[in-house]
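Let me begin by presenting the structure, written as structure tokens, before commenting on it.
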Amino acid sequence: MPQDIAQYTELFLSEAKQHLLAMNHAVLTLEKSPGKTACLSDLRRALHTLKSMAATMDYPCTVRLCHAMEDVVDAIRKNTLKAAACTDVLFECLDALEATLNELERGSSELETTALVGRLQALATREARQA
């Protein structure tokens with residue numbers, strides 16, 4: 001990571017953790033009340049913000065995961081994907097994001113998210129074909 005960006009790592013981690021909390025709350029709400037669409041807007045906004053922050057900090061795995069999660073959220077909003085079909089994988093994604101933030105905090109690299117991204121993409125495309 002370039003030195004001029006590295007100075008913002010602590011700020012990134014602090015803000016990313018706040019967005020992660022908001023996302024967890026939104027997915028919990030979605031799991032308990034799938035009809036509450038306000039939580040989808042909150043989730044989408046937090047994902048988009050984290051994705052943008054990760055892109056600025058040059059964390060491509062985090063960017064790809066957030067983008068794939070946004071696609072799933074968009075499919076739920078458009079009623080081409082049922083919330084119940086994806087809350088488990090969304091929680092797995094949030095766990096992966098949390099683990100990545102912990103690794104970055106320790107000075108390690110972000111975690112690889114290719115498998116999760118593939119699962120999200122498969123879920124969204126399978127459900128879209130069935131709609």
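The values are calculated or read from the model by the stated rules, or taken from the named source; none is laboratory data. Here the structure is a predicted model, which is why all the values come from computation and not from measurement. No Cβ is skipped: glycine too gets one built from the backbone with ideal geometry, and neighbour counts run over all protein chains shown. Just so you know, the surface numbers come from the protein's heavy atoms only, side chains and all, with ligands and any DNA or RNA stripped out. Shrake-Rupley method; radii C 1.70, N 1.55, O 1.52, S 1.80 Å.
Taking only C-alpha pairs under 8 Å that are 6+ residues apart, what is the relative contact order of segment 6-66 in percent?
Answer for segment 6-66 is 32 percent.
Over 18 Å apart: what share of the alpha carbon pairs of segment 63-122 falls there, rounded to a whole percent?
Of all Cα-Cα pairs in segment 63-122, 34 percent lie more than 18 Å apart.
Sort Tyr8, Tyr59 from largest to smallest accessible area, using a 1.4 Å probe on the heavy atoms of the protein chains.
Tyr8, Tyr59
Could you point to the residue in Asn24, Met57, Ser14 farthest towards the positive end of the chain's charge dipole, with +1 and -1 charges on the Cβ of Lys/Arg and Asp/Glu respectively?
Of the options given, the answer is Asn24.
How many angstrom lie between the Cα centre of segment 48-82 and the Cα centre of segment 4-29?
If you average the Cα positions of each part, the centres end up 14 Å apart.
Take every Cα pair under 8 Å in the chain that's 6+ residues apart, average their separations, divide by the length, and report that relative contact order as a whole percent.
The value is 28 percent.
Starting from the Cα-Cα distance between Ser109 and Lys78, subtract it from 0.36 nm times their residue separation and give me the gain in nm to one decimal.
This chain segment gains 7.7 nm when fully extended.
Does anything in segment 12-41 have its amide N under 18 Å from the 7 Å Cα→Cβ label point of Glu92, and if so which residues?
So the set is 24, 27-28, 31.
What accessible surface, in Å², does a 1.4 Å probe find on Leu81, ignoring ligands, DNA and RNA and rounding to the nearest 10?
Number for this one is 10 Å².
With Kirkwood's inverse mean 1/r over C-alpha pairs for Rh, give me the Rg to Rh ratio of segment 19-75, two decimals please.
The Rg/Rh ratio comes out at 1.00.
Might you report the magnitude of the Cβ-based charge dipole of the chain about its Cα centre, with Lys and Arg at +1 and Asp and Glu at -1, to the nearest 20 debye?
Taking the Cα centre of the chain as origin, the dipole is about 740 debye.
How long are the three semi-axes of the equivalent ellipsoid for the chain, computed from the Cα gyration tensor as the root of 5 times each eigenvalue, in whole Å, largest first?
Sorted largest first and rounded, they come to 27, 15, 12 Å.
Mean residue ellipticity at 222 nm from the helices of the chain, using -39,500 (n - 2.57) per DSSP H segment of n ≥ 4 over the full residue count, to the nearest 500 deg cm²/dmol?
Computed ellipticity for the chain at 222 nm equals -26000 deg cm²/dmol.
For segment 20-25, just list the computed ³J(HN,Hα) in residue order, Karplus coefficients 6.51, -1.76 and 1.60, θ = phi - 60°, integers in Hz, with x standing in for Gly and Pro.
Computed from phi, the couplings for segment 20-25 are 5, 4, 4, 5, 4, 4 Hz.
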